[in-house]
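The structure appears right after this line, and notes come after that.
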Amino acid sequence: MKRELLFVFGRTHDLSYHELTAVIGSSVTRVTAEIASIEDPQGKLDPKALITTLGGTVKIAQILGSIPALSAEALTPFIEERVGKVVFGVSVY
């Protein structure tokens, strides 16, 4: 399962980035000073385990898609495909 993960850093951005690259390896792409992304082609990375390991990372998110403008109609396709209880959040960076 190919997926892309975003890592949101705490207040020490550079240290957090270097910590992430030390744990993950060279596949880390710096998006902004506060955010990095990693492509996880086999879906082997465990965000719950990583967030406890990475002291400088405050949030890990999985990219499900992108939308041109924030609206209920634009978000609906991402929610309707889920089965059972749906917990989601919207962050704009």
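Below are the figures for this structure:
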{"read-out": "Sole exception among (1) in contact with a Phe, Trp or Tyr (Cβ under 9 Å, 6 or more places away or on another chain); (2) at positive phi for G84, by number", "value": "(1)"}
{"read-out": "From the options T76, T32, residue that is of a type in the set (S, T, N, Q) and at pLDDT 90 or above", "value": "T32"}
{"read-out": "Qualifying position, being within 19 Å of R11 (Cβ to Cβ) and not charged (D, E, K, R), among I79, I38, I60, I67", "value": "I60"}
{"read-out": "Count of residues meeting criterion [closer than 17 Å to V92 by Cβ and loosely packed, with under 14 Cβ neighbours inside 10 Å] in region 30-51", "value": "3"}
{"read-out": "Top-ranked residue in region 52-67 [being open to solvent by less than 80 Å² (accessible area, probe 1.4 Å) and among the aliphatic types (A, V, I, L, M); ranked as nearest to E39 (Cα to Cα)]", "value": "I63"}
{"read-out": "Of residues in region 47-89 being in contact with a helix residue (DSSP H, G or I) (Cβ under 9 Å, 6 or more places away or on another chain), part of a loop (DSSP other than H, G, I, E, B) and among the β-branched types (V, I, T), the one farthest from R3 (Cα to Cα)", "value": "V86"}
{"read-out": "Pair list, Cβ under 8 Å, 6 or more apart: region 3-29 residue in a loop (DSSP other than H, G, I, E, B), other residue open to solvent by 50 Å² or more (accessible area, probe 1.4 Å) and of a type outside the set (K, R)", "value": "G10/V58; S27/E39"}
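The values are calculated or read from the model by the stated rules, or taken from the named source; none is laboratory data. As the structure is a prediction and not an experimental result, all values here were calculated from the model. Here the Cβ is made from the backbone with ideal geometry for all residues, glycine too, and neighbour counts use every protein chain on show. These accessible areas exclude ligands, DNA and RNA; they are computed on the full protein's heavy atoms, side chains included. Shrake-Rupley method; radii C 1.70, N 1.55, O 1.52, S 1.80 Å.
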